[in-house]
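Only one structure is covered here, and it is reproduced in the block below.
Read the figures in this text as sums done on the coordinates, not as results from a lab. Keep in mind it's a predicted model, so treat the numbers as computed, not measured. All Cβ positions, glycine included, derive from the backbone under ideal geometry; neighbour counts span all protein chains shown.
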Amino acid sequence: MAAVEKVRFTFLDRLIKEPVIYRLGRDFEVVTNIRRADIQEGIGWVILEIEGEQSAINEALEWARSLGVRVDPAVGDVVEG
Amino acid sequence: MRQAVATLTASCAHLYYVSSFTSLDRESVRHTGAESANRRIGFGEIKGVAIVSHVLSLRCKECSREYPVEALNVCDFCFGPLEVVYDYDAITKVTSRERIMGGPNSLWRYADYLPAEHNPAVDINAGFTPLLRARGLAELLGLDELWIKNDSVNPSYSFKDRVVAIASAKALELGFDTIACASTGNLACAVAAVAARGGMKAYVFIPSDLEAGKVLGAAIYNPTMVSIDGSYDDVNRLCSEVADQYPWAFVNINVRPFYADGSKTLGFEVAEQLGWRSPDHVVAPSASGAMFTKIYQGLKEFERTGLIGEVHTQMHCAQARGCSPIATAYEEGRFVIRPVKPNSVATSLAIGNPADGYYALKVIEASNGSAVITEENEVAEGVKLLAETEGIFTEGAGGVAIMGLKRLVETGKIKSNESVVVYITGNGLKTTELVSDVVNPLHIEPSVEAFEIAMAERAK
């Protein structure tokens, strides 16, 4: 089933040099579309849209998490106090 | 979802389109609003002259693209958050201190500044809570002028009644019959209470390990309550997916721009209650960062529309060590929030990836304020300190704020002769587990002799 997700990746310094988003597209057959990003010394974040089969998106995000990328909803946490 | 909303809206358009307009048709809409003042609106009745909200549009906080006033919270282009745009010239023309003071004793006295119209059907009388001069705590801390904004006495016992008041009124205007939220407690209580009064359907999603007081505080209003097993991230992810798939007003998601502006009234009220001035310092607990930024926006809107003088308030954000993404970013001197896995006894502040964290940091910068971290083992101490000195029983978030205040005084960021307002946003009766060790009564046989012996023992 085709799906679209809006997510925010947060990278710590050791991952900033890794071509994570390129590999998402190449290895998992999802389309990535970066909408905003901020990379600073030691930390960076990217807000992107990921489109593809739901199962492919899930696998892609799980792979990113396994690398140490923090994956969150683009809008921030939806659970509140 | 848009399809479902459109169908509902079309069926009742004459009832609630009045607040969804652009500057081009302002005059005609204003007229329509007055005409409809005595009609039945949504589930309730507005008597007298209706106050039409001065909303122009929604706008992306990042790229400034504008959107119509709908159930939208994210910019289609950059995925930035949307905020409500007001016609401040129009507000300035109608607003006055007298007009506000003549309004109801609730947050609706500030209706000119709010993005939804008052609807009694979902009004549980949120807001206009006490601002108390805290002489005992002030003396203890060495402050001349300390005030406590006691928002723990709202109808469902937290400041969330304010944001849900606006979200629910707007949800009815937009044609929703169901409101929902994902919450660690206070928001669930507020959503359930408002829905009960308004005859709306309510869905509240809560983590399965929530404190009993907060579960009960929401369940009593009989919403559909969904208790979710799993990690914080699991709960978050599920709720995000549910919000995408169901045609509900998810108060802090698709109607978030309106919801968030309910917290502006925390700024308005303090300014009015201080005699139409802003304090030198505000200390407020922070989770998503939305309330913190909106308090400041409220003060600045009063300044902009001429109700108070220039605002010099320094905004201080207090977080607990176990979940302090905003305060940590502040301490490290950066504007990038590093999300964390929450692990704090102040459960109402346990938001690991704060949606408005960046904007809270910008408010700190703009106001020359700061952020302060309360250690986990100090949270209960703060709760007890406020109770023992001022007679106010707050939850962990209040303990975080009080100990944050103490630290700000100790480090010289707040001077003894400066005025300070501390926001207490939730009630301690929902989280009694945090301070259960205070229960230590004199236990005696029913005789005066036994009483006097026990008193003598206690005196030792």
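Classify the range B:231-370: rounded, prolate or oblate, from the alpha-carbon gyration tensor (a ≥ b ≥ c, eigenvalue square roots; a/c under 1.5 rounded; otherwise prolate if a/b is larger than b/c)? Don't skip to the answer; put the middle values down first.
Working: a/c = 2.42, a/b = 1.44, b/c = 1.69.
Oblate is the answer for the range B:231-370, as a/c is 1.5 or above yet b/c matches or exceeds a/b.
Given 0.36 nm per residue, what is the gain on full extension from B:Lys201 to B:Glu418 after removing their alpha carbon distance, in nm?
Details: separation 217, 0.36 × 217 = 78.12 nm, distance 4.67 nm.
Contour length minus the Cα-Cα distance gives 73.4 nm.
Classify chain B as rounded, prolate or oblate, taking a ≥ b ≥ c as the square roots of the eigenvalues of its Cα gyration tensor: rounded when a/c is under 1.5, otherwise prolate if a/b is larger than b/c and oblate if not. Numbers along the way, then the final one.
Details: a/c = 1.61, a/b = 1.46, b/c = 1.11.
It comes out prolate by the Cα gyration axes.
Convert each backbone phi in the range B:217-234 into a coupling constant with the Karplus relation 6.51 cos²θ - 1.76 cosθ + 1.60 (shift: θ = phi - 60°), then list the ³J(HN,Hα) values in order as whole Hz, x for Gly and Pro.
x, 9, 5, 4, 8, 6, x, 7, 9, 10, 9, 10, 7, x, 6, 4, 5, 4
Quickly work out the B:Arg304-to-B:Glu410 label distance, labels modelled 7 Å from Cα along the C-beta direction, and quote it in nm with one decimal.
Between B:Glu410 and B:Arg304, the simple spin-label model gives 3.8 nm.
Specify the inter-centroid distance of the range B:111-159 and the range B:256-317, based on alpha-carbon positions, in whole Å.
12 Å
Counting only helical runs of four or more DSSP H residues, what would the 222 nm mean residue ellipticity of chain B come to if each run contributes -39,500 (n - 2.57) and the total is spread over all its residues? Each step should come with its number before you reach the end.
Values: 18 runs with 183 residues, N = 460.
Counting only the DSSP helices, I get -11500 deg cm²/dmol.
When the chain is fully extended, how far beyond the present Cα-Cα distance does B:Asp89 get from B:Ser436, taking 0.36 nm per residue of separation? Each step should come with its number before you reach the end.
Values: separation 347, 0.36 × 347 = 124.92 nm, distance 5.19 nm.
Gain on stretching B:Asp89 to B:Ser436: 119.7 nm.
Taking neighbour counts of Cβ atoms within 10 Å as a proxy for exposure, in what order, fewest first, do A:Phe11, B:Phe451 appear?
Numbers: A:Phe11 22, B:Phe451 13.
Placing the least packed residue first, the sequence is B:Phe451, A:Phe11.
On C-alpha positions alone, give me the angle between the axis of helix B:2-11 and the longest principal axis of chain B, in degrees, nearest 10.
Roughly 70 degrees between the two axes.
In whole Hz and in residue order, list the ³J(HN,Hα) couplings for the range B:179-184 that follow from phi through the Karplus curve 6.51 cos²θ - 1.76 cosθ + 1.60, θ = phi - 60°; x for Gly and Pro.
Residue by residue, the range B:179-184 yields 10, 8, 7, 10, 8, 8 Hz.
Can you give the charge dipole size of chain B about its Cα centre, rounded to the nearest 20 debye, using +1 on the beta carbon of Lys and Arg and -1 on the beta carbon of Asp and Glu?
Working: 42 positive and 55 negative charges, 191 e Å.
Roughly 920 debye for chain B.
Give me, ordered by chain and number, the residues 5 or more places off B:Ser57 or on other chains with an amide H under 5 Å from its own placed amide H.
For B:Ser57, whose amide H was placed from the backbone, the distant partners under 5 Å are B:Val85.
Mind checking the mean number of beta-carbon atoms from other chains within 10 Å of the Cβ atoms in B:353-359? Each step should come with its number before you reach the end.
Details: counts 10, 3, 8, 1, 2, 3, 0.
Counting other chains' Cβ atoms within 10 Å and averaging over B:353-359 gives 4.
Report Rg/Rh for the protein assembly as shown, rounded to two decimals, where Rg is the Cα radius of gyration and Rh the Kirkwood radius.
Details: Rg = 23.7 Å, Rh = 24.1 Å.
Rounded to two decimals, Rg/Rh equals 0.98.
With springs only between Cα atoms under 10 Å apart, run a GNM on chain A and tell me which of A:Ala56, A:Ala37, A:Ala64 wobbles the most.
Most flexible of the set in this elastic network: A:Ala37.
For a quick size check, give me the Cα extents of chain A along its three principal axes, largest first, whole Å.
Sorted largest first, the three principal extents are 38, 36, 22 Å.
Pick out, from B:Val163, B:Val235, B:Ile220, the residue whose Cα sits farthest towards the positive end of the charge dipole of the range B:160-259, with +1 on the Cβ of Lys and Arg and -1 on the Cβ of Asp and Glu.
The residue sitting farthest along the positive end of the dipole is B:Val163.
Rounded to the nearest 20 Debye, what is the dipole magnitude of the range B:160-259 about its Cα centre when Lys and Arg each give +1 and Asp and Glu each give -1 at the C-beta?
Numbers: 8 positive and 10 negative charges, 88 e Å.
Dipole of the range B:160-259, to the nearest 20 debye: 420 debye.
Show the residues, 5+ positions off or on another chain, whose built amide H is closer than 5 Å to the amide H of B:Val226.
B:Val204, B:Phe205, B:Ile206
With a 10 Å Cβ neighbour count serving as the proxy for reagent exposure, in which order, fewest first, do B:His316, B:His443 appear?
B:His443, B:His316
Taking the simple approach of a point 7 Å from Cα along Cα-to-Cβ for both B:Asp229 and B:Arg99, what is their distance in nm?
Between B:Asp229 and B:Arg99, the simple spin-label model gives 5.6 nm.
Residues with beta-carbon under 13 Å from that of B:Val74, excluding B:Val74: net charge, scoring Lys, Arg +1 and Asp, Glu -1?
Numbers: positive: A:Lys6, A:Arg8, A:Arg35, A:Arg36, B:Arg59, B:Lys61, B:Arg65, B:Arg256; negative: A:Glu5, A:Glu49, B:Glu62, B:Glu70, B:Asp76, B:Glu83, B:Asp244.
So the environment of B:Val74 carries a net charge of +1.
What does the charge add up to near B:Glu83, with Lys and Arg as +1, Asp and Glu as -1, over the other residues with Cβ less than 9 Å from its Cβ? Before the final figure, lay out each step's value.
Numbers: positive: B:Arg59, B:Lys61; negative: B:Asp261.
Net charge around B:Glu83: +1.
How large is the convex hull of the C-alpha atoms of the range B:160-259 per residue, in Å³? Working shown, then result.
On the way: hull volume 8.1 nm³, N = 100.
Hull volume over Cα atoms, normalised by residue count, gives 81 Å³.
For the range B:431-440, what does the Karplus curve 6.51 cos²θ - 1.76 cosθ + 1.60, with θ = phi - 60°, yield as ³J(HN,Hα) per residue in whole Hz, taken in order and with x for Gly and Pro?
In residue order, the calculated couplings are 10, 5, 4, 4, 10, 5, 6, 6, 6, 8 Hz.
Using the Cβ atoms and a cut-off under 12 Å, what net charge is assigned to the surroundings of B:Val163, where Lys and Arg are +1 and Asp and Glu are -1?
Details: positive: B:Lys160, B:Arg162, B:Lys170, B:Arg256, B:Lys264, B:Lys294; negative: A:Glu80, B:Asp151, B:Asp161, B:Asp261.
So the surrounding residues net to +2.
Quick one: order A:Arg70, B:Arg458 by neighbouring beta-carbon count within 10 Å, fewest to most.
Values: A:Arg70 20, B:Arg458 9.
The most exposed by this proxy come first: B:Arg458, A:Arg70.
A 23 angstrom limit on the alpha carbon distance is what I want to check against. Which of B:Lys160/B:Lys264; B:Lys214/B:Lys384; B:Lys93/B:Lys300; A:Lys6/B:Lys300 exceed it? Can you show the working numbers first?
On the way: B:Lys160/B:Lys264 12 Å; B:Lys214/B:Lys384 20 Å; B:Lys93/B:Lys300 17 Å; A:Lys6/B:Lys300 33 Å.
Flagged as over cut-off: A:Lys6/B:Lys300.
Please report, in debye to the nearest 20, how large the charge dipole of the range A:2-73 is about its Cα centre when each Lys and Arg carries +1 at its beta carbon and each Asp and Glu carries -1 there. Intermediate results must be reported in sequence, preceding the final value.
Working: 10 positive and 13 negative charges, 46 e Å.
Dipole of the range A:2-73, to the nearest 20 debye: 220 debye.
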